[in-house]
Amino acid sequence: DVYGFTMAPVSAEIWRGAAGKVALQPVPASALATRPAALHRMDLATMAPRDQDFTAEVVMAAQEPASAEGGGAAVAPAAVSCVVLWFDVEFSARFCAQRPVVLSTSPAAEQTHWVQAVLPLKAPLELPAGGALAARVSMARSPARHRALDVSLEYGVLAAGAGSGAGEGLGAALREAVSFCMEIGGKD
């Protein structure tokens, strides 16, 4: 409620408007409801063009609030409204291990002109304490648009203790799916 007005109708309209659109925007690390998890790795020095297209499964464990780490009060469920994607590039790990250079577009890294890709869910969901968000993400070069990626996201919630790694019974947890077309130049 804002000044006594319920904002539910506005919220529903915003969610409908965001459907299928990737938002390219900075996301503060404090806004992440899960721990980061690596989705896919590519070696730009050895990969073939077809290696850009992939499907990967990932389990993102709920963040542990600072107060819960010491065994304090019960932790409330976290609201999850999107999946945030970013990349890290190791420019010199192979050729200059003594002085590696990494470009990170992580929310935890210093912000650059590169921002995160935000994939909105169909509707916000609750991530229980100790639970995890399970996801299967597919990315492929769009056959229709040269500078675009077709992205699909299947997702669901895993209860606490239901599985800790990708591939451990994720199929049953993946209950929703959303498709996106992400223009490389930032267009939607």
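Bear in mind these aren't lab numbers, they're just calculated from the coordinates by the rules spelled out. This one's a predicted model, so the numbers in the text were calculated from it and none came from an experiment. Cβ placement follows ideal geometry from the backbone for every residue including glycine, while neighbour counts extend to all protein chains displayed.
At 0.36 nm per residue, and after removing the present C-alpha to C-alpha distance, how many nm does the segment from ALA159 to MET47 gain when stretched out fully?
On the way: separation 112, 0.36 × 112 = 40.32 nm, distance 3.66 nm.
Additional length available on full extension: 36.7 nm.
Sorting check: for 42-50, 76-84, 130-138, which peptide has the highest mean count of neighbouring beta carbons within 10 Å, and how do the rest follow? Numbers along the way, then the final one.
Values: 42-50: 8.7, 76-84: 16.3, 130-138: 20.9.
Highest to lowest by the protection proxy: 130-138, 76-84, 42-50.
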